[in-house]
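The values are calculated or read from the model by the stated rules, or taken from the named source; none is laboratory data. Keep in mind that this is a model prediction, so the values were computed, not measured. Areas reflect the complete protein model, heavy atoms only, side chains present, ligands, DNA and RNA absent. Shrake-Rupley method; radii C 1.70, N 1.55, O 1.52, S 1.80 Å.
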Amino acid sequence: NNVKKGSWKCATDANSGKVYFYHTGTKDVSWEKPESFVEWRVTVDQATGKTCFVNRITKEATWDKPEGVEEWKEVKDATTGDSYYYSIFTRETSWIKPNNSIKPKEDSDTI
């Protein structure tokens, strides 16, 4: 199997200060944000146990789900070209588009 696994990451060019994108498997590099790049990372704050959203480009962090952030991203399989779905909350993948969202972990005071 010749499929190169990996994902898109971002970094800042030391000379220009501009953000660029690189793929850890294919080694492709781009100044333009790739469609499959997941801009917001979801993590759980160790001190509070609450879900926190961190922007991979700006490093901004927020407790609230950012506007426009969808849990499931549609991604194209590099080998077949078929679509599959990736959850930015759980990192699960599915060939079938999920019709229910998994809620981020909230603090105990939230209903």
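Observations on the model:
- Accessible area (Å², 1.4 Å probe, nearest 10) - E92: 90
- Annotation: amide H-H contacts under 5 Å for C52 (H modelled 1.01 Å from N, sequence separation of 5 or more, or interchain): T43, V44, D45.
- Relative to the current alpha-carbon distance between A14 and I57, full extension at 0.36 nm per residue lengthens the span by 14.0 nm.
- Per-selection Kirkwood Rh - the stretch 1-58 (Cα, Å, 1 d.p.): 13.1
- Cα-Cα over 26 Å, subset of K18/K50; K33/K73; K33/K65; K18/K59: K18/K50
- Distance distribution P(r), the chain, all Cα-Cα pairs, bin width 5 angstrom from 0: 2, 10, 17, 20, 19, 14, 10, 5, 2, 0 percent.
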